[in-house]
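The values are calculated or read from the model by the stated rules, or taken from the named source; none is laboratory data. Computed from a predicted structure; not experimentally measured. Neighbour counts run over all protein chains shown; Cβ positions are idealised from the backbone, glycine included. Calculation scope for accessible area: heavy atoms of the full protein, side chains included, ligands and nucleic acids excluded. Shrake-Rupley method; radii C 1.70, N 1.55, O 1.52, S 1.80 Å.
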Amino acid sequence: MGLWTLLEGFLLLANALAILNEDRFLGPRGWSFSEVSAGGRTKSLKGQLIGLIYATQYLRVPLIILNLIIVVVKLVSG
């Protein structure tokens, strides 16, 4: 496993986190940012994971650009 494969794996994980919808998936399970921040549990593991999910959702445009770069490199390199 090389560095390129590791970077692709992290990109796939970021894509998976970016598509999670708060209303349909996160909210009913108690993983909404408002519930965690209102309770003051932002320093807990659950609060940190929810912060990571919201950070990846906020950075969707750079994720799209990275995905395009990966696709072009894969097409060129074979």
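With the full set of protein chains in place, find how many percent of the accessible area of the chain is carbon and sulfur; take the probe as 1.4 Å.
71 percent
What accessible area per residue comes out for the chain, rounded to a whole number of Å², with a 1.4 Å probe?
Normalised by residue count, the accessible surface of the chain is 75 Å².
Work from the charge dipole of the chain (Cβ charges, +1 for Lys and Arg, -1 for Asp and Glu, about the Cα centre) and give the residue of Tyr58, Ser32, Val72 farthest towards its positive end.
Ser32
Using helices alone, what [θ] at 222 nm do you get for the chain, with -39,500 (n - 2.57) per DSSP H run of 4 or more residues, divided over all residues and rounded to the nearest 500? Please list the in-between numbers first.
Values: 4 runs with 55 residues, N = 78.
Estimated from H runs of four or more residues: -22500 deg cm²/dmol.
Loop-only trypsin sites (Lys or Arg not before Pro) in the chain, please: DSSP not H, G, I, E or B, and at most 12 other Cβ atoms within 10 Å.
When the trypsin sites (Lys or Arg not before Pro) of the chain are filtered for loop state and at most 12 Cβ neighbours within 10 Å, Lys43 remain.
Spin-label point model (7 Å from Cα, Cβ direction): what's the Trp31 to Lys74 distance in nm?
2.4 nm
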